[in-house]
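The values are calculated or read from the model by the stated rules, or taken from the named source; none is laboratory data. No experiment lies behind these values; they were computed from the predicted model shown. Virtual Cβ from ideal backbone geometry, glycine too; neighbours counted across all protein chains shown.
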Amino acid sequence: MYFFLIPLAFGFGCNLASAFTTAFSRRWGEKRGSIISAVLRDVLGIPVWGFGCVLAIRVSSPALFVSTIGAKTAGTLLITAGAVMILVAIASIRRRAAAPSVQDTLVRSGIYAYVRHPIHTGTALEFLGVFLITPTLPVALACTLGVLWVLAQTRVEEVDLMQRLPDYDDYRKAVPCFLPRFPLK
């Protein structure tokens, strides 16, 4: 019944590799380090944890609450907002999204002017949306683990970004991590 946890955990672990780009590059050279990071995250990580989420959705389990049309609409809107945020972020950082490198430069424009980790924010929104649409225990577990993984990934990735990008510490102090600041009037 909880077989989905295996690909979910394996995929999250492989996805975490992008936070070790600097370490991989120091150990195996810049090009190999970037390739290892990209393959672990893009080939093994994201598709495998995505498969784990699909398996969690497919587990037959009673609903924790009735998913009304309002909950399903909210879930769909969260998934859509998360996907748009991810796509806008990927468009802003282009190649860096697929293959992080120690030669990367800091992006402070576009969505990255408002949020340091829009891809992680978008992913967390998608997890919440999936749970609102399919509120079963396996999905709740998968989505909770997903959000916890996003938080852990962000924390470890921040350390790597501080090593790779000289201006990242100033950027980190100026731009919020997940949610933009809205001025109070």
Which numbered condition residue 50 fails, given (1) more than 25 Å from residue 178 (Cβ to Cβ); (2) modelled with pLDDT of 95 or more; (3) within 22 Å of the chain's Cα centre (by Cα): (1)
Single residue of the range 137-157 satisfying the filter (touching a residue at least 40 places away in the same chain (Cβ under 8 Å) and farther than 17 Å from residue 50 by Cα) that is farthest from the chain's Cα centre (by Cα): 137
Matching entry among 78, 40 (being crowded, with 17+ Cβ neighbours inside 10 Å and free of Cβ contacts under 8 Å to residues at least 40 places away in the same chain): 40
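Which is surrounded by fewer than 15 Cβ atoms within 10 Å (Cβ to Cβ), touching a residue at least 40 places away in the same chain (Cβ under 8 Å) and out of contact with any strand residue (DSSP E or B) (no Cβ under 9 Å at 6 or more places or on another chain), of 65, 20?
65
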Count of the range 159-185 residues which are among the charged types (D, E, K, R), touching a helix residue (DSSP H, G or I) at 6+ places or on another chain (Cβ under 8 Å) and touching a residue at least 40 places away in the same chain (Cβ under 8 Å): 3
Looking only at the range 93-118, and only at residues there that are in contact (Cβ under 8 Å) with a residue 24 or more places away in the chain and part of a helix (DSSP H, G or I), the one that is farthest from residue 176 (Cα to Cα): 98
Options 20, 65; residue that is aromatic (Phe, Trp, Tyr) and under 25 Å from residue 134 (Cα atoms): 65
Residue match in the range 94-102 (condition: under 18 Å from residue 147 (Cβ atoms) and under 19 Å from the mean Cα position of the chain (by Cα)): no
From the options 12, 51, residue that is buried (at least 20 other Cβ atoms within 10 Å of the Cβ) and assigned to a helix (DSSP H, G or I): 12
Condition check for residue 115: β-branched (Val, Ile, Thr) and touching a Cys at 6+ places or on another chain (Cβ under 9 Å): yes
